[in-house]
1. Gaussian network model of the chain, Cα springs within a sub-10 Å range: biggest mean-square fluctuation belongs to which of 33, 53, 192?
2. State whether the range 43-143 is rounded, prolate or oblate according to the following rule on the C-alpha gyration tensor (a ≥ b ≥ c being the square roots of its eigenvalues): a/c under 1.5 gives rounded; otherwise a/b larger than b/c gives prolate, and the remaining case gives oblate.
3. Springs between alpha-carbon atoms under 10 Å, Gaussian network over the chain: tell me which of 22, 30, 152 tops the mean-square fluctuations.
4. Return 130, 54 ranked ascending by Cβ neighbour count within 10 Å, so the fewest neighbours appear first.
5. For the chain, modelled as a GNM with alpha-carbon contacts under 10 angstrom, which of 47, 168, 141 fluctuates the most?
6. Kindly identify the range 23-194 as rounded, prolate or oblate by the Cα gyration tensor criterion: order the square roots of the eigenvalues as a ≥ b ≥ c, call it rounded if a/c is under 1.5, otherwise compare a/b with b/c, prolate if a/b is larger, else oblate.
7. Sum -39500 (n - 2.57) across every DSSP H segment of at least 4 residues in the chain, then divide by the residue count to get the 222 nm mean residue ellipticity, nearest 500.
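What follows is calculated from the coordinates using simple rules that are stated; it is not laboratory data. Predicted, not measured: the structure shown is a model, and the values here were computed from it. Positions of Cβ are backbone-derived with ideal geometry, glycine not excepted, and every protein chain shown enters the neighbour counts.
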Ligand SMILES: Cc1cc2nc3c(=O)[nH]c(=O)nc-3n(C[C@H](O)[C@H](O)[C@H](O)COP(=O)(O)O)c2cc1C
């Protein structure tokens, strides 16, 4: 059974989990990164699809200096260019996107032009791939996996960034081939683990409401 101290430790980890957008020069140890990956491995998965393949969840770990990081940087830019083109086409016919899509269009076109600020030299990038299965529940599974990893990184005093553009790589032949996976069969997500360069950001209060009915 867990103790009250265990419970308090969990609360502290939950409260201290924060996004990091700028890392310093330090590279995390292989041991710490392995512990973060192990937390991801323990995350729940969609069991109905998990038997389709021998390995349904992959973690690819790339430390600073790995030449594949330049390929990933280039592929993220190229994919963001395609994504923003598609978004613009959808915005022409979708009033919701016309009203709310400008921020996303702006962000994706910036990534298409300049790349993600954390590239080409992140301290440690972890690319996650999850088998899609007939249920197509890979995005939920990836979110659970990322959250486990984020909390573990927090507990290890490591900082964490999400690389959401990797979610668009499902059908990207060159990206999938880079990891030896067939295109269209795996969903992707990614994170960077390292040490924060600047002070913690003060973010806006979370606008959630609880309704006790
Ligand atoms: C679905 C989702 C996608 C996100 N994608 C990114 C991302 O690509 N890059 C990034 O820096 N932060 C990303 N974030 C982090 C949020 O911006 C961040 O969690 C939010 O601003 C609250 O800040 P906090 O994490 O410090 O509490 C994402 C968060 C969620 C839930």
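1. The residue that fluctuates most here is 53.
2. Values: a/c = 2.78, a/b = 1.21, b/c = 2.30.
Here the range 43-143 falls in the oblate category.
3. 30
4. 54, 130
5. Taking springs between Cα atoms under 10 Å, the residue moving most is 47.
6. Taking the square roots of the gyration eigenvalues as a ≥ b ≥ c, the range 23-194 is oblate.
7. Details: 8 runs with 98 residues, N = 213.
The helix contribution divided over the chain gives -14500 deg cm²/dmol.
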